[in-house]
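Structure first, commentary second.
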Amino acid sequence: MATDLAAVVDNDRAAARSTSMRHVRTTYAPGDETCFSLFEAPSLETIQKANDRFQLGYRRVTAVLEIQSSAEAQPIEGASKQP
């Protein structure tokens with residue numbers, strides 16, 4: 001499983017390097033068998049196109065708000081998939 005997750009992150013990072021987006025992080029929820037990846041990108045369309053072009057396998061691409069304890073909510077482009 002760890003090897004599979006490492007491959008997901010490697011693919012995300014390679015796709016990000018080839019486009020105008022940045023891979024921020026990937027989180028895996030084993031109880032739900034769901035993988036969430038956060039990207040910074042100029043638009044959702046950028047991530048959707050990268051998902052299609054590089055066959056990343058994300059079922060949903062959506063904007064999210066990341067809320068940190070000492071900062072205001074910041075919009076971040078994100079994606080999630082189930083392995």
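The values are calculated or read from the model by the stated rules, or taken from the named source; none is laboratory data. Treat the numbers as computed from the prediction; the structure is a model and nothing was measured. Here the Cβ positions follow ideal geometry from the backbone for every residue, glycine too, while neighbour counts run over all protein chains shown.
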Point to revise | Filtered residues of the range 2-48 (kept if over 22 Å from Glu66 (Cβ atoms) and touching a residue at least 24 places away in the same chain (Cβ under 8 Å)) | key: Asp4, Asn11, Ala14, Ser18, Glu33
Practice item. Using the structure shown, decide if Pro83 is at pLDDT below 85, outside any strand (DSSP E or B) and touching a strand residue (DSSP E or B) at 6+ places or on another chain (Cβ under 8 Å). Key: yes
Check your understanding: Based on what the data block shows, is Thr34 in contact with a Ser or Thr (Cβ under 9 Å, 6 or more places away or on another chain), at pLDDT 90 or above and of a type in the set (S, T, N, Q)?
Key -> no
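Pull up the range 47-57, narrow it to residues that are at pLDDT 90 or above and out of contact with any Gly (no Cβ under 9 Å at 6 or more places or on another chain), then point me to the one that is nearest to Met1 (Cα to Cα). Explain how you work it out, then say what you get.
Taking the range 47-57 and keeping what is at pLDDT 90 or above, we get 47-56.
Right, trim to out of contact with any Gly (no Cβ under 9 Å at 6 or more places or on another chain) and you get 48-50, 52-56.
Details: Gln48: 26, Lys49: 27, Ala50: 24, Asp52: 24, Arg53: 25, Phe54: 22, Gln55: 20, Leu56: 17 Å.
My answer is Leu56.
Within the range 1-24, take every residue that is farther than 17 Å from Asn51 by Cβ and not in a loop (DSSP other than H, G, I, E, B) and give me the one that is modelled with the highest pLDDT. Spell out the reasoning first.
Just the residues of the range 1-24 that are farther than 17 Å from Asn51 by Cβ, to begin with: 1-6.
Those left that are additionally not in a loop (DSSP other than H, G, I, E, B): 2-6.
Working: Ala2: 72, Thr3: 80, Asp4: 87, Leu5: 85, Ala6: 90.
Only one residue fits best here, namely Ala6.
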Exercise for review: Would you mention how many residues in the range 31-46 are closer than 19 Å to Ala7 by Cβ and either among the charged types (D, E, K, R) or surrounded by fewer than 18 Cβ atoms within 10 Å (Cβ to Cβ) (or both)?
Suggested key: 3
